[in-house]
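Participant: Input: one structure, supplied below.
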Amino acid sequence: SYLLDDFDLARVEAQVQDNIPALKTVLAPHFKIGTSVTRGMIDTPHAALIRRHFNSITPGNEFKWDAVQATEGQFAFEGTDRWVDFAAQHGMQIRGHTFVWHSQAPAWLFQDAQGQPLTSSPAHKTLLMARLETHIRTIARRYGNRIAVWDVVNEVTDPAFPDGLRRSPWFNVLGKEYIDRAFIVAREELPNAKLVINDYNTDIPARREALYRVVADLKARGIPVDGVGHQMHNSFARPTPGQVETTLQRFIPLGVDQEITELDVTLYDDLTASWTEPPADRLVRQGQYYRDLFDVLRRFADNISTVTVWGPSDDDSWLNYAFDTRQDWPLLYDRQLQAKPAYWGIVDPTYLTAAPLSTRLLAPASAR
Ligand code: XIL
């Protein structure tokens, strides 16, 4: 046993490196580089990291239906206002995510006044369509041109069905018309915004083709869709650079802008492993993965306006809690906000081959 006497306990705040290239400057010739943000970050050192490296932000949860309109008719804008102001103050683009999704939706949205599930009856169709319109119009009128890009609909495809459309409550009540209406209403309110259809696993042929057919159909009928968002929650196994290329190539003939909207690269190969420290060799492999991915993305820069990573630093990744409460390290900066090999893979891959391959030594001496 021992005695401690007369001591101070202080939290040492993470220091943002100020002597490494800003990601947004490195990527400026190609596309905007964004990150998702969550509410608390505005008051932590993360805000400095975000300002330094990124020129686009996507609030990760604040614009979702359960955050903005948890109770019917009562709109809560504190969470969204803060980020819209932050983006404006620092000259950043802000992406709205998302108007229409089946997830993170409050229970009332798909219920009638008696709390019964909505059906496809004419009365229920009218009710749900009115809710969709009110929601989009109210948010759009509050922010107008300050939000440059909107994920108008999120995850609406399902390759298991011949029409490629997910059987969500939206679809079950309204049929595919809810997608049309969401884009039409968004365009009425926001003539200058980029209107995006966003989805995941777009590298897998079945879903890629489902999404392709949905977008082709929207375009053919004159529905105002401007862009396709590829979420890209990736692993080392997939997508490969070749698969990314095939996917990007596929959508070019449709004349839509493309975005990578939620990029992260898990360090795990499966859902069962659980580590407390990231294996050093995997951090380097992750750097190589980001390097190879960004090689492809740079080649498609003419078709890609923005690439967004789903979180500024590893402590703020949804992968730390979404599937299990294991830690993950999927992003470009570590829990101390320091650049990882993943960052160097994008900025200067020669550091990936420098020996010894420990994470911190990958930065040049001048940058430490
Ligand atoms: C995630 C958020 O990051 C988490 O904080 C939340 O608990 C669940 O949703 N696809 C999407 C995003 O379109 O909205 C999701 O974001 C991740 C998967």
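Participant: Nearest 10 degrees is fine. How inclined is helix 205-220 to the longest principal axis of the chain, computing both from alpha carbons?
Facilitator: Between helix and principal axis, roughly 50 degrees.
Participant: For the chain, compute the orientation-averaged projected area of the C-alpha convex hull (one quarter of its surface), in nm².
Facilitator: The directionally averaged projection comes out at 22.7 nm².
Participant: Going by the alpha-carbon gyration tensor, a ≥ b ≥ c the square roots of its eigenvalues, is region 100-221 rounded (a/c under 1.5) or, if a/c is not under 1.5, prolate (a/b greater than b/c) versus oblate?
Facilitator: oblate
Participant: What translational D, rounded to a whole number of µm²/s, comes out for region 248-316 from Stokes-Einstein when the hydrodynamic radius is the Kirkwood one over Cα pairs, at 20 °C and 1.002 mPa s?
Facilitator: 151
Participant: In whole Å, what are the extents of region 48-107 along the principal axes defined by its C-alpha atoms, from largest to smallest?
Facilitator: That gives 39, 19, 15 Å along the principal axes, largest extent first.
Participant: Next question, about the same structure. Could you calculate, for region 146-275, the ratio of the Cα radius of gyration to the Kirkwood radius, expressed as Rg to Rh?
Facilitator: Using only Cα positions, Rg/Rh for region 146-275 is 1.00.
Participant: Going by how many other beta carbons lie within 10 Å of each one, how would you line up GLU133, GLU62, GLU277, fewest first?
Facilitator: Lowest to highest Cβ neighbour count: GLU277, GLU133, GLU62.
Participant: Return the distance in nm (one decimal) between the two label points of a simple spin-label model at THR353 and SER274, each offset 7 Å from Cα along Cα→Cβ.
Facilitator: 4.0
Participant: Further question on the same structure: Which values, in whole Å and largest first, are the semi-axes of the equivalent ellipsoid of region 209-355 obtained as the square root of 5 times each eigenvalue of the Cα gyration tensor?
Facilitator: Its equivalent ellipsoid spans semi-axes of 30, 17, 13 Å.
Participant: When the dipole is taken about the Cα centre of region 280-332, and only Lys, Arg (+1) and Asp, Glu (-1) are charged at their Cβ, what size is it in debye, to the nearest 20?
Facilitator: It comes to approximately 200 debye.
Participant: Another question, if that's okay. Can you give the angle from 0 to 90° between the axis of helix 280-299 and the longest principal axis of the chain, with both taken from C-alpha atoms, to the nearest 10?
Facilitator: 50
Participant: Write down the Kirkwood hydrodynamic radius of region 24-124, to one decimal in angstroms, obtained as one divided by the mean of 1/r over all alpha carbon pairs.
Facilitator: After inverting the mean inverse Cα-Cα distance, the result is 15.5 Å.
Participant: If you line up the Cα atoms of region 220-263 on their principal axes, what length do they span on each, largest first, in Å?
Facilitator: For region 220-263, the Cα spread along each principal axis is 38, 19, 13 Å.
Participant: Of GLN258, PRO224, THR246, which is farthest towards the positive pole of region 216-258's charge dipole, taken about the Cα centre with +1 and -1 on the beta-carbons of Lys, Arg and Asp, Glu respectively?
Facilitator: THR246
Participant: Using the basic label-point model (7 angstrom from Cα toward the beta carbon), what is the TYR321 to ARG238 distance in nanometres?
Facilitator: 2.9
Participant: Using the structure shown, list the pairs from LYS64/LYS194; LYS194/LYS219; LYS24/LYS340; LYS176/LYS219; LYS125/LYS194; LYS32/LYS194 with a Cα-Cα distance above 20 Å, or answer none.
Facilitator: Long pairs (Cα-Cα over 20 Å): LYS125/LYS194.
Participant: What does the helix-only formula give at 222 nm for the chain: each DSSP H stretch with n ≥ 4 adding -39500 (n - 2.57), the total divided by the residues, and the result rounded to the nearest 500 deg cm²/dmol?
Facilitator: Counting only the DSSP helices, I get -10000 deg cm²/dmol.
Participant: Once you order the gyration tensor axes a ≥ b ≥ c over the Cα atoms, which shape class does region 150-207 get: rounded for a/c under 1.5, otherwise prolate or oblate by comparing a/b with b/c?
Facilitator: Here region 150-207 falls in the oblate category.
Participant: Another question about this same structure. Return one number: the angle in degrees, 0 to 90 and rounded to the nearest 10, between the long axis of the Cα atoms of helix 78-89 and the longest principal axis of the Cα atoms of the chain.
Facilitator: Helix 78-89 and the main axis of the chain meet at about 60 degrees.
Participant: Hey, with R₀ at 22 Å, roughly what FRET efficiency would ASN19 and GLN336 work out to, going by the Cβ-Cβ distance, to 0.05?
Facilitator: So, using R0 = 22 Å, E works out to roughly 0.90.
Participant: Right, another one. Name the residues whose placed amide hydrogens come within less than 5 Å of the amide hydrogen of LEU263, ignoring near sequence neighbours (fewer than 5 apart) on the same chain.
Facilitator: Residues meeting the amide H criterion: THR308, VAL309, TRP310.
Each value in this text was obtained by applying a stated rule to the coordinates, not by laboratory testing. Since this is a predicted model, take the numbers as computed values, not measurements. Note that each Cβ is placed from the backbone with ideal geometry, even for glycine, and that neighbours are counted across all protein chains shown.
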